[in-house]
Amino acid sequence: MKISVIIPVYNGEKYVAECLDGMMRQTHKDLELIVVNDGSTDCSLEIAKQYPGVRIISFEENRGLSAARNAGIDAATGAYIHFMDVDDMINEEFYERLTESAEATGSDIACCGMIHEPKPHRTTLFDEQRVLTEPREKFPTARNTIPTTSRNIRMVIMFATGMLTRFFAKTLRITPSLLSYRGHDTHQGQHDRKKYHTHNK
């Protein structure tokens, strides 16, 4: 089962090699790695090019996280999609466990616990494996309607409190905490938020 891993990068030269090395060590081998270079001015692009088999999409100028992810989605050919932040870390069995569990339960989306390194109190851990089908279970403030997806893909994400989980009819939470969020300054999402706050003061 192919998984498309979309990795937006903006000036993340300190983390690109570590991220891609981690992908090469994954026990699930059918990975389509898509690095979206979002107008980096450092050596991020040159480092990514050193990895054979990695697909690269490169923007001339910084267009932001949403544009980078959308470009990755357009290029993806996998049955599952995962958005990977270049400065985060995942367990070597991350994709194997999520995919096997999702397939075994027929779930549309799979998610696991997250260890939040800079703010430990925000760490999310699950006590048991569980399939969620009601919007109120997946996101307490969600409305009772669940929009359908426009493409025949399923998404593997990191934690079950994210907005995306309420868009899928059958969400699986698995117990291993496989992702570590490190939240460095070069995180693309943080960069976008800084630009937004600067432009909207």
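The values are calculated or read from the model by the stated rules, or taken from the named source; none is laboratory data. Everything numeric in this text was worked out from a predicted model, so none of it was measured. Cβ atoms come from the backbone with ideal geometry, glycine included; neighbour counts cover every protein chain shown.
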### Message
Of everything in region 98-114, what is closer than 16 Å to Thr27 by Cα and of a type in the set (Asp, Glu)? Give them in sequence order.
### Response
Glu100
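Whether any residue in region 3-18 is in contact with a Phe, Trp or Tyr (Cβ under 6 Å, 6 or more places away or on another chain), over 20 Å from Asn70 (Cβ atoms), at pLDDT 95 or above and surrounded by fewer than 24 Cβ atoms within 10 Å (Cβ to Cβ) is what I want to check.
Scanning region 3-18, I find no residue that is in contact with a Phe, Trp or Tyr (Cβ under 6 Å, 6 or more places away or on another chain), over 20 Å from Asn70 (Cβ atoms), at pLDDT 95 or above and surrounded by fewer than 24 Cβ atoms within 10 Å (Cβ to Cβ), so the answer is no.
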### Residue satisfying condition, being in contact (Cβ under 8 Å) with a residue 24 or more places away in the chain and more than 16 Å from the chain's Cα centre (by Cα), within set Arg25, Arg55, Arg69
Arg25
### Message
If I filter region 118-126 for residues that are more than 26 Å from Asp87 (Cβ to Cβ), at pLDDT below 75 and either within 20 Å of the chain's Cα centre (by Cα) or crowded, with 17+ Cβ neighbours inside 10 Å (or both), do I get at least one hit?
### Response
no
#### Entry: Any hit, region 63-77, residues being modelled with pLDDT under 95 and basic (Lys, Arg)
yes
### Query
With respect to Asn62, is the statement that it is surrounded by fewer than 21 Cβ atoms within 10 Å (Cβ to Cβ) and either within 30 Å of Val131 (Cβ to Cβ) or among the β-branched types (Val, Ile, Thr) (or both) true?
no
